[in-house]
Amino acid sequence: MKFNQVVKLELKKYHKTLIVIAGPTAVGKTDLCVKLAKELHTEVISADSRQFYKELAIGTAKPTQEEMQGVKHHFVDSHSIKDYFSVGDYEKDCLKVIADIFEERDVAILTGGSGMFLKVVIDGIDEMPDADLELRETLMSRLEKEGLEMLVNELKTLDPVYYEQVDRQNTQRVVRALEVCLATGKPYSGFRKNEKVERPFNILKICIERPREELYERIDMRMDLMLKNGLVEEAKQFVDFQDHYALRTVGYKEVFEFLENQYDYEEMVRLLKRNSRRFAKRQLTWFRNQDDFVWLKNEEVEPFVKNYLKT
């Protein structure tokens with residue numbers, strides 16, 4: 001991306017700016033954001049939905065203390081997998097963190113590959129009924145006894161529209177949708193208006209790109225390192241939590257299936273790498289469908305951001 005290329009950017013309206021650094025797994029977001037945060041004297045906010053959980057480390061590619069280089073990272077090790085932490089909860093808590101950062105700084109950095117979590121901060125989330133904690137407990141108990149498929153089938157009956165849209169392997173979203181359906185007697189999809197809100201700060205949205213062959217090589221190398229660092233041993237500790245949505249994702253579900261003797265170690269490694277590459281491809285497709293991200297190579301980001309902040 002060159003500065004003389006036409007880029008669709010919103011005009012700066014506010015004194016404060018949120019810089020969003022998005023991109024697929026293994027593209028190099030952590031190193032880039034740490035470098036950028038040190039240059040801009042600010043903090044990093046994670047929008048990686050699996051890095052919230054303090055029990056998980058290896059399979060989430062969570063940044064280490066050494067990698068963070070003293071830069072404060074919010075929403076890393078902030079919750080337990082025993083906690084219910086919804087997209088709506090994240091939006092509310094993240095906006096508070098952004099406001100706190102803006103008390104002392106003009107810039108904050110939001111980063112991650114979880115499109116939904118980035119989107120709720122950028123565009124807001126539709127107004128939903130308050131959580132019914134007793135009903136949620138009932139649904140979580142049913143999930144444990146009956147399994148996710150039973151709840152998905154019930155959602156199909158109560159809200160066929162959302163059933164066609166939802167990730168049916170995402171326990172959290174299925175349970176939340178069912179909770180709203182059962183509590184209100186109305187379909188969850190009826191509350192989703194997809195209306196964007198305007199935030200009281202500028203938002204610069206950047207997506208990092210690499211040549212596909214290079215990205216896939218980085219993914220394979222990352223997976224080899226995870227296995228060397230003890231991914232299988234980590235997964236063994238969470239067999240009882242494998243229905244949690246953070247553990248039904250690429251990097252853990254393949255290990256659980258290996259531990260259940262569904263295939264051998266070599267096949268597990270092959271699937272881990274293949275599925276991680278496919279996941280990265282889906283992430284890239286999602287970001288490309290957003291029409292206002294600036295696509296940059298890693299080395300182009302810092303000069304681009306500095307140029308933007310000066311205008």
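The values are calculated or read from the model by the stated rules, or taken from the named source; none is laboratory data. The structure displayed is predicted, hence computed values, not measured ones. Cβ sites come from the backbone with ideal geometry, for glycine too, and all protein chains shown count toward neighbours.
Observations
- Index of the failed condition, Tyr263 passing every other in (1) of a type outside the set (S, T, N, Q); (2) modelled with pLDDT of 95 or more; (3) assigned to a helix (DSSP H, G or I): (3)
- Single match in Glu137, Glu144, Glu164 (criterion: in a helix (DSSP H, G or I) and in contact with an Asp or Glu (Cβ under 9 Å, 6 or more places away or on another chain)): Glu144
- Sole residue being of a type outside the set (Val, Ile, Thr), surrounded by fewer than 21 Cβ atoms within 10 Å (Cβ to Cβ) and modelled with pLDDT of 90 or more, chosen from Glu10, Glu43: Glu43
- In this structure, Glu267 does not qualify as under 30 Å from Lys38 (Cα atoms), assigned by TED's automatic domain parsing to the domain that holds Lys54 and not hydroxyl-bearing (Ser, Thr, Tyr).
- Of the residues making up segment 236-260, just one is of a type in the set (Lys, Arg) and assigned to a loop (DSSP other than H, G, I, E, B), namely Arg248.
- The residue that is modelled with the lowest pLDDT, among those in segment 228-249 that are among the β-branched types (Val, Ile, Thr) and under 21 Å from Arg274 (Cα atoms), is Thr249.
- Residue check for Val76: under 30 Å from Val269 (Cβ atoms), touching a strand residue (DSSP E or B) at 6+ places or on another chain (Cβ under 8 Å) and not acidic (Asp, Glu): yes
- Which listed residue, of Gln69, Gln51, is in contact (Cβ under 8 Å) with a residue 12 or more places away in the chain and within 22 Å of Leu231 (Cα to Cα): Gln51
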